[in-house]
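Trainee: After the structure tokens below, expect a handful of questions from me.
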Amino acid sequence: MATAQKKTPAKPRTRMKRFFQSYGFRRSWQSALTVFLVLFFVFVLLRLMPIEGYFTRQDYEIMTEAQRADYLEENGITGNPVVLFFRFLGNLFRGDLGMSFRIQPNVEITRILSEKIPYSLMFGIASMGISLFFGFALGMAMAHYKDRLVDGAGTLYVVVVRAVPSLIYLFLIQIWVTGFFNIPMTYSSKDPSTWFLPVISLSLASIAWYAIWLRRFMVDEENKDYVKFAKAKGVPQKRIISGHVLRNALVPLAQYIPLQLLLTISGSLIIESIYSIPGMGGLLIEAIKEKDNGLVQSLVMLFSVLGVLGVYLGDMLMLLVDPRIKLAGKTDGE
Amino acid sequence: MVNKQKLLMAAFGMLLLALTLTGYAQSGASPDVYYSTYTTDVTILKQYYVPDTTGKKVIANVMDGLIENDRFGFYAPSLAESWTHSDDFTVWTFQLRKGAMWVDHSGKAREEVTAQDFVDGLRYVADPKKTKADVSIIKNVIVGLADYIGLLQDYDKNRKGAREDVEKKFDELVGVKAIDRYRVQYVLASPTPFFESFLVTEIFLPLNQKFVLEAGIRYGTSKEYLLYNGAYYLDTWQRNKEFVLVKNPHYYDKDKIAIQKVALQKVADSATNIEMFKRGQLTSVSLAGNQIAFYMDNPKWKDFINLSEKSSVVFWFFPNFRSKNAEFSAFIQQESFRKALYHAIDRLILAQIYNSYDAEEMLINTILPDDVIFDEKGNDYTSALQDLKDLGKGTYQPELARAYFQSAREALVDAKGMIKGVKPGKVKIGSLVELDIDAKLPIQLVYTHGTSTDETQMALLLKANLEQVFGKENLRVVLAQYTNNKYETVILPGYYDLCYDSFSFKYADPFAQLGRLVTGGEVNDGGFSVPEFDALVAEASSKILLSERYQLFAKAERLLIEGGYILPWESGGGTYGMSKEKPFTAPRGGFGLSRFKYKGIVLQNDPVTKDEFEKLKTEYLKELEERKSIFNQ
């Protein structure tokens, strides 16, 4: 895709060479390597955890030392970590993450995740859609009406949302809004009226985040010479904003969008807790607290892989949004 | 013609009336869904091990045993229609009702519950590899059970031969058998007149062996991997979210089940709970901490707050007889010092931290709870200790405490002011605190407390209380803190001089508690040894006639209390709450699962007021007395 910019088609070999030397390819293999290393180190480090976490509480209590040792060996906990790691990778490709030992004893981790992820994902994506829409709208409005009433009100909103501990306003929103509209206080999959508040609550902070950064970048851009030049040339204000200012201001924000989208999977501890949503929020914390090594391993791996993937996709998105980046590669000196 | 018209009009009028009546009946009908919440998640749901209340609530309602407690606490038939015992109370035979079914999570009937299911249940409980269970309470009650468990444990240690061969010995060793399809018999190791009280616990629940084998390690991990035989089946179980129990259409006693559905939802915050109750989204709610004071002063809600019944759990203080703190160790051996402590602790002030309105009612002066054990004449076991009970909050007598302390001091402190037999030096109480032992007064007393506000407040109060009574020149309380599990980090290693804990009562015999307080006993956490007490307990437990048995147990209990080995403090339970549950319709029982059942509970549209509660309480107590007198005839 890096070659898309070339006007005359290159010879296949040069194209191949260019591809291998391109920024996109480099980022791809770097990411793959990072993922591999993360998986490996998480796997190896978890073998150093206290062994209780590899047993259900009951099994651990009733087994003798010798039985425990056998069990650990059978289940691939003790032994050569490299061999074990590749065996684990094999299982991983077959979709087998092993069992949870403490949080939900004797239940497959894939089952736990497949039950919980949809909730966090649904709420996360809905809230991200809302945040992007309202956040950008607010940001643009604030930039457009800089130092006017809209800007002031927007700033007030951003300051309040970011300065007041979220627990306070989230809780008050729950009590007041459900009371005012007379709807159930907690989430229920059967009652759509309970779906809105968690999404809105999830969006409040990110709307503020998108708005304040977009405003800032747009104001920066608007003061740049090329904008002044375009204005002087007589380009309509609307085009300047949509074609130049907005596009350039979005570049630094675009990088984070894929990452944020992927990490919605991890859920929200506070919101899932106050609305009783059985999502992923707090699962990792709970797993660590209960020393459920199998689950900790899977979650840490999942989140770090998604993290790496998110950054990678962010960079790729930058390639699309910002043509200058394609030129940043070593060989692209044209 | 006219007649026809009249008839038609009359019929129309009747129809109208009927419609109005049904309409009226519908609008006035009492609710039939019980909405409640829980805070801690249930990780696995096997009927024989339910450590948390949520799990107990679910298991108690989806599984029935042989017998259960009714709303007066009497034993009533459940899956067993009737039962008999031999004259010496060692052979108990239960006649099961026909047609009781195992149902699955969709309410579909699977198989009949048979006598063999009870045998298989005990087989499952006895195997430590299959389930964790509180099997120690019945280990020595049923013939051969302890031997069988011992064999399995030996096998697991040495692993010689096949485990199946050991498992096969169950039928010949253990005193339980299915005489026929509907009769199960237990043979006990010694006369056990109180055997019924074991049967209401989870340990004697039946089990469908075929289903459990099919499920394998997945048994109890989700609603699909469980079978039910209780008043309800588990319709929904989503971890971190909810349990929904739906009335079992095949239940033998289904006409008595007024509540059609029980919905338990996980709600993390207690403030949310109350808010939900106020909006009518919950059937009942309990209040804790500051909420009590807030709603007690709230004109709109104060009339709806009622105190729930005390439980059979007892909190008591116990001194550490194996303390590393030499000063305390020297004194605690003195009976006069122990008596001084008994009279010095102001239990009422401490109880007020947890209940500022009815703290005095929560105090208890005996090791065993009231109103739980009765002899053959219907007399409460604790009536033999009436003088102690009558003391109430009056165990706190600072003058008497100082006098006792004086005599301990005279016995232990020499003319130079040195405590006899104590060498000066430094001593570490775990990693909690380091003491400078100077072998002089004041004695240092280590009190280890948790980090919560209540616990900290209690520790500070206790410190002020003891130092005020004895004077700082005589006794100084050193406070230490623990963060994790109290039993494992404080009690077991002995990192305390004085400590309290809660003790639950497991079956209807004083032995349940006193038998575990003998030298080296399971709940003898302070590590005392009173040979006279041990002998009394042994003698008492050999008596079959209850009144005689209880007399001896009471004598033993008195020894521990008057000797200052155990300092009873307060009862468990007794929480404040608001509820739309009609009071005294729920099953009642000091132990076992019956009290967690929704069977029999009737709901009403509005929260129960104080007046209603008191009125129903009086009626209930009257009825209870009548029942007792009938029972004793």
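The values are calculated or read from the model by the stated rules, or taken from the named source; none is laboratory data. Everything numeric here is computed off the predicted structure, so don't read it as measured data. Positions of Cβ are backbone-derived with ideal geometry, glycine not excepted, and every protein chain shown enters the neighbour counts.
Trainee: Pull up region A:178-222, narrow it to residues that are more than 30 Å from A:ALA249 (Cα to Cα) and among the polar types (S, T, N, Q), then point me to the one that is surrounded by the fewest Cβ atoms within 10 Å (Cβ to Cβ).
Mentor: A:ASN182
Trainee: Here is a follow-up. Does region A:232-245 contain any residue that is in contact with a helix residue (DSSP H, G or I) (Cβ under 8 Å, 6 or more places away or on another chain) and closer than 24 Å to A:MET128 by Cα?
Mentor: Taking every residue of region A:232-245 in turn, at least one turns out to be in contact with a helix residue (DSSP H, G or I) (Cβ under 8 Å, 6 or more places away or on another chain) and closer than 24 Å to A:MET128 by Cα.
Trainee: Kindly evaluate B:GLU275 against the criterion of being at pLDDT 90 or above, away from chain A (no Cβ under 14 Å) and more than 28 Å from the chain's Cα centre (by Cα).
Mentor: No; evaluated as a whole, the condition is false for this residue.
Trainee: Residues in region A:91-118 that are at the interface with chain B (Cβ under 10 Å from one of its Cβ atoms), surrounded by 22 or more Cβ atoms within 10 Å (Cβ to Cβ) and in a helix (DSSP H, G or I): how many?
Mentor: Number satisfying all stated conditions: 2.
Trainee: When you scan region B:392-416, how many residues do you find that are over 21 Å from B:GLN468 (Cα atoms) and of a type in the set (Gly, Ala, Ser)?
Mentor: 3
Trainee: Among the residues of region A:30-38, is any part of a loop (DSSP other than H, G, I, E, B) and either out of contact with any His (no Cβ under 9 Å at 6 or more places or on another chain) or β-branched (Val, Ile, Thr) (or both)?
Mentor: So far as region A:30-38 goes, no, none of its residues is part of a loop (DSSP other than H, G, I, E, B) and either out of contact with any His (no Cβ under 9 Å at 6 or more places or on another chain) or β-branched (Val, Ile, Thr) (or both).
Trainee: Right, something else. Have a look at B:LYS426, B:LYS416 and point out the one that is charged (D, E, K, R), in contact with an Asp or Glu (Cβ under 8 Å, 6 or more places away or on another chain), free of Cβ contacts under 8 Å to residues at least 24 places away in the same chain and over 12 Å from B:PHE331 (Cα atoms).
Mentor: Just a single option satisfies the conditions, and that option is B:LYS426.
Trainee: Still on this model: Here are the criteria: (1) farther than 13 Å from B:LEU207 by Cα; (2) within 14 Å of chain A (Cβ to nearest Cβ); (3) in contact (Cβ under 8 Å) with a residue 60 or more places away in the chain; (4) crowded, with 21+ Cβ neighbours inside 10 Å. Tell me which single one B:LYS132 does not satisfy.
Mentor: If we test B:LYS132 against (1) farther than 13 Å from B:LEU207 by Cα; (2) within 14 Å of chain A (Cβ to nearest Cβ); (3) in contact (Cβ under 8 Å) with a residue 60 or more places away in the chain; (4) crowded, with 21+ Cβ neighbours inside 10 Å, just (4) comes out false.
Trainee: Can we say A:GLY53 is in a helix (DSSP H, G or I) and in contact with a Lys or Arg (Cβ under 6 Å, 6 or more places away or on another chain)?
Mentor: yes
Trainee: Return only the number of the condition from (1) under 30 Å from B:ARG588 (Cα atoms); (2) modelled with pLDDT of 85 or more that B:LEU435 does not satisfy.
Mentor: All conditions are met except number (1).
Trainee: Now, a different point. Before we move on, is B:PHE72 touching a residue at least 40 places away in the same chain (Cβ under 8 Å), in a loop (DSSP other than H, G, I, E, B), under 20 Å from the mean Cα position of the chain (by Cα) and away from chain A (no Cβ under 14 Å)?
Mentor: yes
Trainee: Name the one entry in B:TYR219, B:TYR155 that is within 14 Å of another protein chain (Cβ to nearest Cβ) and at pLDDT 90 or above.
Mentor: B:TYR219
Trainee: Related question: If a residue must be surrounded by 13 or more Cβ atoms within 10 Å (Cβ to Cβ) and at positive phi, how many such residues does region B:424-438 contain?
Mentor: Residues that pass the stated criteria total 1.
Trainee: Scan the helices (runs of 4 or more DSSP H) fully inside region A:124-236 and keep the ones with 1 or more residues being in contact (Cβ under 8 Å) with a residue 40 or more places away in the chain and within 14 Å of chain B (Cβ to nearest Cβ).
Mentor: Hits in region A:124-236: A:166-181, A:196-222.
Trainee: Can I ask one more? Kindly provide the set of residues from region B:267-287 that are closer than 24 Å to B:GLN604 by Cβ, among the small types (Gly, Ala, Ser) and part of a loop (DSSP other than H, G, I, E, B), ordered by number.
Mentor: Result: B:GLY280, single match.
Trainee: Here is a further query. For region B:227-266, name all the residues that are away from chain A (no Cβ under 13 Å), in a strand (DSSP E or B) and without any contact (Cβ under 8 Å) to a residue 60 or more places away in the chain.
Mentor: B:LYS247
A quick yes/no check of all residues on (1) of a type outside the set (Val, Ile, Thr); (2) closer than 29 Å to B:TYR357 by Cβ; (3) touching a helix residue (DSSP H, G or I) at 6+ places or on another chain (Cβ under 6 Å):
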site	(1), (2), (3)
B:GLU522	yes, no, no
B:SER529	yes, no, no
B:GLU548	yes, no, no
B:ALA554	yes, no, yes
B:MET578	yes, yes, yes
B:GLY589	yes, yes, yes
B:VAL608	no, yes, no
B:LYS615	yes, yes, no
B:GLU625	yes, yes, no
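Trainee: Tell me, which residue of region B:566-591 that is part of a loop (DSSP other than H, G, I, E, B) and in contact with a Leu (Cβ under 8 Å, 6 or more places away or on another chain) is surrounded by the most Cβ atoms within 10 Å (Cβ to Cβ)?
Mentor: B:ILE566
Trainee: Same structure, new question: Take the residues of region A:254-307 that are in contact with a Ser or Thr (Cβ under 9 Å, 6 or more places away or on another chain) and on the phi > 0 side of the Ramachandran plot: which is farthest from the other protein chains (Cβ to nearest Cβ)?
Mentor: Among them, the one singled out is A:GLY267.
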